[in-house]
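Chemist: Could you have a look at this structure, given as structure tokens, before my questions?
The values are calculated or read from the model by the stated rules, or taken from the named source; none is laboratory data. Worth saying up front: this structure is predicted, and the values here are computed from it rather than measured. All Cβ positions, even for glycine, are placed from backbone atoms using ideal geometry, and neighbour counts span all protein chains on display.
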Amino acid sequence: MTELHHHTLAELAAGLRARRFSSVELTKHFLERIERFNPDLNAFITVTAERALEAAEAADRQLAAGEGSPLLGVPIAHKDIFCTDGVLTTCASRMLSNFVSPYDATVVERLSQAGAVSLGKTNMDEFAMGSSNETSWYGPVKNPWDPTKVPGGSSGGSAAAVAARVVPAATGTDTGGSIRQPAALTGLTGLKPTYGRVSRYGMIAFASSLDQAGTLTQTAEDAALLLSVMAGFDPRDSTSVEAPVPDYLAALDQPLQGLKIGVVKEFFDEGLDEQSAALVREALKQYEKLGARLIEVSLPNLPLSVPAYYVVAPAECSSNLARFDGVRFGYRCENPVDLLDMYTRSRGEGFGPEVKRRIMTGTYVLSAGYYDAYYLKAQKVRRLIADDFAKAFTEVDVLMGPTTPAPAFDIGAQGDDPIKMYLNDIYTIGANLAGLPAMSIPCGFVGHLPVGLQIIGPHFAEAKLLNVAHGYQRETDWHKRIPRGYE
Ligand code: GLN
């Protein structure tokens, strides 16, 4: 029997319009699943059941009047990095463990104006710094495919929640891979749009030149539905781009005949798990069957992306996180003796070890005497990487390769080795440094663990990426698998 949580967002939206079920029924169904499964998954930091039911009732009234956008009445969840008016917004940090936001992020505002019903805020790595969701002040998130494994990070709570079908879709953010990597490790479709496509207003800043909001969904079609609402110019974000938002749904079914796929040589160099590589190659063959042509391309500077990113991102974070000083909002230490004591102890007690490591690295690379050697050098490397991508896109329509070097690893396995942890991002970081849109879609399993295929496109080619992903999902059913125990 098909149950409500077996449906995609698009199917639920259609069911609501056809009055097969109400938004209140849907919302209750998913809230019950959260109550049942979240104690094991730890995917949510805050569940806003009462608000959700009120929003669902309002949606039902609008649906009865035949009004509203395609998302009217469907449940979703937000990564706890998005400010939500009147709701705890922690960024998974002790520093913000008491912060109730006085306003909505643009992403939250747009989705709620479209009638989507938010069920709550999902767990994540602290300030989105991590690749495994183990740096959260609220504890690690479990991978629904295997509770001994990480779900990936930093949007690990959103990923685990959607994979376990305790919510049909969720928002995420991607600074160096935090949407695509957890999507890959939990068998989901993850979309990181072009830098500037979606407003960053109200999204707690980690590295402002890299951060971008996107989606964790079951299908490319669902990603298209959400992006249609999330994308667009926002005068409150100076880097948001004033360009028209195309009809992402209309482009989904375009034939893939003649598509030129660049297979990135550097993605298959040493370091990639052999079984994952075989699945990615299998997916490429499937694209050939759909009429695409494979062309090997090289991005010679890509191997430098991890070192460049781990200079640029900490530099920006050290500046962004300077605002957390215990004065205006957030955590404040007990009984400070003077101002300096309050600053140092509030920050010392409020931030976790990974955040402190980044702040210290970032402060170091920005200090006089080291700025040229590290920060400036990293920015130059960033330009070279962006140029490599630009050159590749003169020859091909999209680039493909693996999303991660291997399937999900054990919780605790990489915690004491930051360099090893940073290398998980080797295939995802390039797109962030170049500001490009990229996706991960499920393309098979190694044992019981999902593997992701990454698709990267030129700036503002989201419609093309979604079309390419959807074409594959019409022919395969990897994205339909549900982890055991969550059926
Ligand atoms: N894993 C990367 C980091 O730790 C990327 C995180 C992200 O995209 N937010 O910085």
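Chemist: Looking at (1) crowded, with 16+ Cβ neighbours inside 10 Å; (2) out of contact with any helix residue (DSSP H, G or I) (no Cβ under 9 Å at 6 or more places or on another chain), find the lone condition where residue 223 falls short.
Modeler: If we test residue 223 against (1) crowded, with 16+ Cβ neighbours inside 10 Å; (2) out of contact with any helix residue (DSSP H, G or I) (no Cβ under 9 Å at 6 or more places or on another chain), just (2) comes out false.
Chemist: So, one more: Under the condition of being more than 24 Å from residue 234 (Cβ to Cβ) and within 8 Å of the ligand (Cβ to nearest atom), which residue from segment 110-131 is surrounded by the most Cβ atoms within 10 Å (Cβ to Cβ)?
Modeler: The extreme case among them is 125.
Chemist: Can you tell me which residue among 424, 432 is under 20 Å from the mean Cα position of the chain (by Cα), within 22 Å of residue 197 (Cα to Cα) and not aliphatic (A, V, I, L, M)?
Modeler: Answer to the selection: 432.
Chemist: Only residues that are aromatic (Phe, Trp, Tyr) and part of a loop (DSSP other than H, G, I, E, B): list them for segment 216-268, please.
Modeler: Across segment 216-268, the qualifying residues are 233, 248.
Chemist: All but one of (1) touching a residue at least 24 places away in the same chain (Cβ under 8 Å); (2) over 16 Å from residue 126 (Cα atoms) hold for residue 338; state the number of the condition that does not hold.
Modeler: It fails just one condition, (1).
Chemist: Moving on. Does residue 95 count as within 16 Å of the ligand (Cβ to nearest atom) and either of a type outside the set (A, V, I, L, M) or at negative phi (or both)?
Modeler: Against the criterion (within 16 Å of the ligand (Cβ to nearest atom) and either of a type outside the set (A, V, I, L, M) or at negative phi (or both)), residue 95 does not qualify.
Chemist: Which of the residues belonging to segment 169-209 are within 16 Å of residue 401 (Cα to Cα), within 13 Å of the ligand (Cβ to nearest atom) and in a strand (DSSP E or B)?
Modeler: If the condition is that a residue be within 16 Å of residue 401 (Cα to Cα), within 13 Å of the ligand (Cβ to nearest atom) and in a strand (DSSP E or B), then 190, 192 are the ones that fit.
Chemist: Restricting attention to segment 96-141, which residues are among the basic types (Lys, Arg) and more than 20 Å from residue 166 (Cα to Cα)?
Modeler: 110
Chemist: Starting from segment 271-300, take each residue that is modelled with pLDDT of 95 or more and list its partners that are among the basic types (Lys, Arg), counting only C-beta distances under 8 angstrom and pairs at least six apart or across chains.
Modeler: These pairs meet every condition: 292/260; 293/260; 295/260; 296/265; 297/265; 298/265; 299/265.
Chemist: Only residues that are at pLDDT 95 or above, buried (at least 24 other Cβ atoms within 10 Å of the Cβ) and more than 22 Å from residue 29 (Cβ to Cβ): list them for segment 146-166, please.
Modeler: Within segment 146-166, 150, 151, 152, 154, 155, 156 meet the criteria.
Chemist: How many of the residues making up segment 98-109 are in a helix (DSSP H, G or I), among the hydrophobic types (A, V, I, L, M, F, W, C) and more than 16 Å from the ligand (Cβ to nearest atom)?
Modeler: Restricting attention to segment 98-109, the residues satisfying the condition of being in a helix (DSSP H, G or I) are 106-109.
Checking which are among the hydrophobic types (A, V, I, L, M, F, W, C) leaves us with 107-108.
Those still in the list that are more than 16 Å from the ligand (Cβ to nearest atom) too: 108.
Total meeting the criteria: 1.
Chemist: Here's a follow-up. Looking at residue 481 and the list (1) among the charged types (D, E, K, R); (2) more than 16 Å from the ligand (Cβ to nearest atom); (3) under 27 Å from residue 260 (Cβ atoms), which single condition is not satisfied?
Modeler: Failing condition for residue 481: (3).
Chemist: Within 16 Å of the ligand (Cβ to nearest atom) and either polar (S, T, N, Q) or crowded, with 24+ Cβ neighbours inside 10 Å (or both), is that true of residue 430?
Modeler: Taking the combined requirement at face value, the residue satisfies it.
Chemist: Among the residues that make up segment 77-87, is at least one of them farther than 27 Å from residue 5 by Cα, free of Cβ contacts under 8 Å to residues at least 60 places away in the same chain and within 16 Å of the ligand (Cβ to nearest atom)?
Modeler: No; the residues of segment 77-87 include none that is farther than 27 Å from residue 5 by Cα, free of Cβ contacts under 8 Å to residues at least 60 places away in the same chain and within 16 Å of the ligand (Cβ to nearest atom).
Chemist: Right, another one. Residue 454 fails exactly one of the following numbered conditions: (1) over 18 Å from residue 128 (Cβ atoms); (2) at pLDDT below 95; (3) within 16 Å of the ligand (Cβ to nearest atom). What is the number of that condition?
Modeler: Residue 454 satisfies all of (1) over 18 Å from residue 128 (Cβ atoms); (2) at pLDDT below 95; (3) within 16 Å of the ligand (Cβ to nearest atom) except (2).
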